[in-house]
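Structure record follows, encoded as structure tokens.
Coordinate-derived values only; no laboratory data. Note that the structure is a prediction, hence the values are computed from the model and not measured. Counting neighbours? That spans all protein chains shown, and the Cβs are built from the backbone with ideal geometry, glycine included.
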Amino acid sequence: MAKSPALSSGGIELTQETMIDMMKPKGKFYGVRGSFVIGDTKIGGHTTCHTLQFGRKLIVFDFGSGMIDIGNELTKRYLMPGKTIKDIDAFMNQFLGAGNDPKNLGLALLESGYINQDEELDLTFMSSHVHGDHLFGAQAFKPIFSPKTNIHMIGGLHCGMNIHEVMEQFNFRPPVFPVPWKFLGSKRTLQVINPNEHFEIENDFQPIKVWVLPMNHPNGSYGYRFEWCGHTIAVTLDHEHGHDEYDRNIVRLWEGADIVVTEVQYTAGMYDTRKGYGHITAEAAAKHAIEAKPKRIITTHHDPDADYDTVQEIARTIERKSRIQTTFAVQGMVF
């Protein structure tokens, strides 16, 4: 078989197969639970956090406790030779424990000799909403403390507050956390989105087109549809069925998507005692899928009371009723 000709990209020789592979979106689940963290090694106990990779653009979606693992994974790329994540942990704990001014933590970390000062980490964060299980992992996300990290945050308003204001007033504020938001070493920018908004994220080959619609959830939630290089991924966290306007929004976001990443937290029996909590059943998700006809569904945001059999039952119910391939997310799973 003849070898495909190499293409030059910024001085790097890439085969056509590599270029084609780069044009396929990818993702990874770092947290797959809803409501709160549990000790489950079979499916995973971290709360909601996953990544979407479009070419070289990495998007971190939601700030659940799964951010701990992705933060460590990213930090390892920028450690100096011989240094470890434990070294970073020890340095930060010793610095704050010694009574040093928190505003100097970022600079001290940069001057510690643990981090490669020549490397910059550029990240895009996207938020579905700001309930605690989707938020509290940010405090343990190590790159947020480094001056070499640039973070662009995208999210809507919740009770009139944007994601920066929520972080500043609740997550990074004494006595809840010793380092105030304004003293974090990273450079952070904000993009506030509105319901039914279309916007683009600049990226390799072509921009990522994003469409946002509101979900039915207490204090508000936003669903997203990403289109890039002929591929479509929908992400809907959290939402509850039974409201025509919001149900139509789910179908519109899911329509024809290659992959739908969605919370499906309840069986019909579980829902009987949880109406109004803001989460969907397997049966309702199947109805949306029949109408929207996505190619594949991945369920996540599993209820903390749902064991392996229950999570599997939810996925099988959707697949059986909709005849659309459905799997459930496991922590560490790549898609």
Against the rule of thumb 2.2 N^0.38 Å, how large the Cα Rg of the chain comes out
1.03
Tell me, Val251, Val311, Val264 in order of fewest to most beta-carbon neighbours within 10 Å?
Val251, Val311, Val264
From the cross-link list Lys42/Lys76; Lys26/Lys293; Lys209/Lys293; Lys187/Lys275; Lys26/Lys321, which pairs have alpha carbons spaced over 32 Å apart?
Lys187/Lys275
Contour minus Cα-Cα distance for Glu168 and Gln325 (0.36 nm per residue)
52.4 nm
5 angstrom amide H check on Leu121, placed H, neighbours 5+ away
Thr149, Asn150
In nanometres, the difference between 0.36 nm per residue of separation and the alpha-carbon distance of Met80 and Phe205 is 41.8 nm
Between the alpha carbon centres of the range 263-335 and the range 182-205 the gap in Å comes to 29
Proxy exposure order for Trp211, Trp254 (fewest C-beta within 10 Å first) is Trp211, Trp254
Once both label points are put 7 Å beyond Cα along the C-beta direction, the Phe335-Asp258 separation in nm becomes 1.3
What is the distance in Å between the Cα centres of the range 35-65 and the range 212-226?
18
So what J values fall out for the range 261-277 if you push phi through Karplus, 6.51 cos²θ - 1.76 cosθ + 1.60 with θ = phi - 60°, rounded to Hz, Gly and Pro as x?
9, 9, 7, 9, 8, 10, 7, 4, x, 5, 5, 3, 9, 10, 4, x, 6
Please report Val60, Val37, Val176 as a ranked list, fewest other C-beta atoms within 10 angstrom at the top and most at the bottom.
Val176, Val37, Val60
Suppose the chain between Thr41 and Gln94 were pulled fully straight at 0.36 nm per residue; how much longer would it get relative to their current alpha carbon spacing?
16.0 nm
